[in-house]
Amino acid sequence: MTNILRYDDSAARRLIDNQLYETLQPDLIAARDEMLADIALLGTDQIPAHKQPLDAGFQNLPQQLLDEYDSEQGKSLLGKIESKARELREQSDRFVVLGIGGSYMGMRALFEAVCNPWHNELTRAQRQGVPRLYFEGNNVDNDSVSALRDLLQSGCQDPHDVLQRWSLTVISKSGGTLETAVGFRLFRELLENYYGVDSDESRSLVVPVTGLEGKLRNFSNQKGYSSVFPIPDIVGGRFSVFTAVGLFPAAVMGLDIKQLLQGAADMTQRFVSQPMGDNPVLDYTATCHLFEKEKNVSIRILSTWGKRLEALGLWYDQLLAESLGKEEKGATPLTVVNTRDLHSRGQQHQEGALDKLITNLIVEKSNSDSVPVPVVPENQNQDELNKLDGKTIPDILSAAIEGTNRAYADADRPTADFILPVLDEYTLGQTLQLLMLATVLEGRLIKINPYGQPGVEAYKMNMQEVLNR
């Protein structure tokens, strides 16, 4: 394996008794064994009540999809996803993704991390035929919906010109999530008005991703959409980034979904086989748990360095909050983007309440050439930046990371580092799978079912009651 993600919690561990790690190890291994045993329960009638729901299918899914592709190629799910994605790239220049929560946040994380930050501003040639991307159905914002509808109507007036053609995917396991269902009705109407209600395009340029049963599945069957991709029953929404939920739109955007899955599969193998000290899932979970239990550190800050990982942090916010925020337990997640947020939250992290564990998410090597700081004539050097002659933007970022960690260490603020050698599909696969595995592991460790989100249902029921008055 190359480009291996590393976890370094040495700065945090100096603030806590190492004996606590040794004492925790048997319980941590038992929790891992429980996770592995959960997989054997899937699809049986042996699942005990306290484990309902059991959405553990995400654990082995990456390797299963890769194995299926190796044996069946184009007939496999990955083969079908790549074929349909290629079709949409060839036939449309704008792509609308409708989904909320786990049905959208994973794909947003992938898009922002891997694709060009100004993707939608590039020409089709510069995008290598990949369509522009728009997210909707993730809120109830009238102005946002109206603006995107206006953009599509004004920019797409000739359905025979690929530059004026658009497509969409709607992602909902049940089809009953109100925000996405409303978005689908609105944008489906717009698309059918453009191509014709009964046209081939109205069936081929709409791609639902949904459960094997439910409202959206039934509707899709009735409409006769040419491709409908499944969401497995045994995978919950916030754990679904390696199902068609994340894989299909990622493939449309030209991402290497096999490398994404390979990174996830390799991380699962490390989790299953490696001991503490060489196992980032076990080590990260242990550090987070011990600081919360022994030091009352209940706020977990994912400190992303650089703009491209903010959406990954927001994805993790949902993952941790919905999984462990139950029974008056669970740490509070918070994503920050540095160096930007050093100028807003940095003061609190440095001198505020001692209730935060800061985990840095660091990319060692930029994807683009390093940008040097220009040197100017001395009479224009009022900003005194000529002293940085020979330094680059990555040099400045590295200095900021080192300086910030040193300041936190001097104030006994616990920090740890996730280090990604590069930012690509393989390292992202590792990162996403690590965080999902660690979240479930901690849930089993503290005797909370990490699956399901019963608290979320309360607002949905109340909202429907209000709307139905």
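Are any of the residues in region 286-301 touching a Gly at 6+ places or on another chain (Cβ under 8 Å) and either under 20 Å from Ile362 (Cα atoms) or among the aromatic types (Phe, Trp, Tyr) (or both)? Checking region 286-301: not a single residue is touching a Gly at 6+ places or on another chain (Cβ under 8 Å) and either under 20 Å from Ile362 (Cα atoms) or among the aromatic types (Phe, Trp, Tyr) (or both). Screening the candidates Gly79, Gly102 for the property of being farther than 15 Å from Val206 by Cα, open to solvent by less than 40 Å² (accessible area, probe 1.4 Å), in contact (Cβ under 8 Å) with a residue 12 or more places away in the chain and not basic (Lys, Arg) yields one hit, Gly102. Kindly establish whether Leu41 is in contact with a Lys or Arg (Cβ under 8 Å, 6 or more places away or on another chain), open to solvent by less than 50 Å² (accessible area, probe 1.4 Å) and of a type in the set (A, V, I, L, M, F, W, C). Yes, satisfied. In this entry, Val182 is excluded by the filter for residues that are among the β-branched types (Val, Ile, Thr) and in contact with a Lys or Arg (Cβ under 9 Å, 6 or more places away or on another chain).
Restricted to helices (runs of 4 or more DSSP H) entirely inside region 151-237, those with at least 2 residues that are touching a Phe, Trp or Tyr at 6+ places or on another chain (Cβ under 7 Å) and open to solvent by 20 Å² or more (accessible area, probe 1.4 Å) are 200-204.
Of the residues Leu260, Leu290, Leu255, Leu314, which single one is surrounded by 24 or more Cβ atoms within 10 Å (Cβ to Cβ), assigned to a helix (DSSP H, G or I) and touching a residue at least 60 places away in the same chain (Cβ under 8 Å)? Break it down stepwise before answering.
Values: Leu290 fails: surrounded by 24 or more Cβ atoms within 10 Å (Cβ to Cβ); Leu255 fails: assigned to a helix (DSSP H, G or I); Leu314 fails: surrounded by 24 or more Cβ atoms within 10 Å (Cβ to Cβ).
Going through Leu260, Leu290, Leu255, Leu314 in turn, just one is surrounded by 24 or more Cβ atoms within 10 Å (Cβ to Cβ), assigned to a helix (DSSP H, G or I) and touching a residue at least 60 places away in the same chain (Cβ under 8 Å): Leu260.
Of all the numbered requirements in (1) under 20 Å from Gln433 (Cα atoms); (2) open to solvent by less than 30 Å² (accessible area, probe 1.4 Å); (3) in a loop (DSSP other than H, G, I, E, B), Val297 misses one, and that requirement is (1). Of all residues in region 388-407, those that are in contact (Cβ under 8 Å) with a residue 40 or more places away in the chain and open to solvent by less than 40 Å² (accessible area, probe 1.4 Å) have Cβ atoms under 8 Å from Cβ atoms of residues that are assigned to a loop (DSSP other than H, G, I, E, B) and of a type outside the set (D, E, K, R), 6 or more apart or on another chain, in Ala400/Thr339.
The single condition from (1) more than 30 Å from Asp17 (Cα to Cα); (2) open to solvent by less than 10 Å² (accessible area, probe 1.4 Å); (3) of a type outside the set (A, V, I, L, M, F, W, C) that Asn279 fails is (1). All conditions but one from (1) assigned to a helix (DSSP H, G or I); (2) over 30 Å from Leu282 (Cα atoms); (3) open to solvent by 20 Å² or more (accessible area, probe 1.4 Å) apply to Glu22; the one that does not is (2). Just one residue in the set Leu15, Leu66 is surrounded by 13 or more Cβ atoms within 10 Å (Cβ to Cβ) and in a helix (DSSP H, G or I); that residue is Leu66.
Residue-level analysis places Pro421 outside the set of residues that are surrounded by 11 or more Cβ atoms within 10 Å (Cβ to Cβ), modelled with pLDDT of 95 or more and over 16 Å from Gly306 (Cβ atoms).
The values are calculated or read from the model by the stated rules, or taken from the named source; none is laboratory data. Note that the structure is predicted; figures quoted are calculated from it, not measured. Cβ: placed from backbone, ideal geometry, glycine included. Neighbour counts: every protein chain shown. Accessible surface areas use protein heavy atoms only, side chains included; no ligands, DNA or RNA. Shrake-Rupley method; radii C 1.70, N 1.55, O 1.52, S 1.80 Å.
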